Amino acid sequence: MTLSVPTTVLCPEFTACGQISIADVAVLAKQGYKSIINNRPDGEGGPGQPLSADIEAEAKANGMHYVHFPVPNPMLSAVQVEAYRQACAHLPHPLVAFCRSGGRASAFFQACDGQVGRPA
């Protein structure tokens, strides 16, 4: 099985990618990911975008942790960055973060200076 979207491994603990499908969750679990962070607000991509609750349910069914951390634009505040850093620090690693294209997920990683916690 392969993912429906390409991924960018930013460090051994953190991977960014574009919008995942429900089926991608099982693939990510089989690849060893322990957590998923969704940076995309529900409905941003129209009716074809999977809902956060559906991805969360599939993540839990596959033994993964899930955080919905929606960010409507790439202008990140210091408060958002610190909250993201804390979320990453409390999740089992490795983790994958996604948004529409992977840009916001990558921007958070960069804004956190790559400090996304230690593997659980």
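Among (1) -0.30, -0.36, -0.75, -0.85; (2) -0.51, -0.61, -1.15, -1.24; (3) -0.36, -0.43, -0.85, -0.95, which is the computed log10 I(q)/I(0) by the Debye sum over Cα atoms at q = 0.11, 0.12, 0.17, 0.18 Å⁻¹?
(1)
Given Cα pairs under 8 Å that are at least 6 residues apart, what percent is the relative contact order of the chain?
The normalised contact order for the chain reaches 36 percent.
DSSP beta bridges in the stretch 7-111, what fraction antiparallel, as a percent rounded to 5?
Details: 4 of 16 bridges.
The antiparallel proportion sits near 25 percent.
Read-outs throughout are calculated quantities, based only on the coordinates presented, and are distinct from any laboratory measurement. Given the structure is predicted, the values throughout are model-derived calculations rather than measurements.
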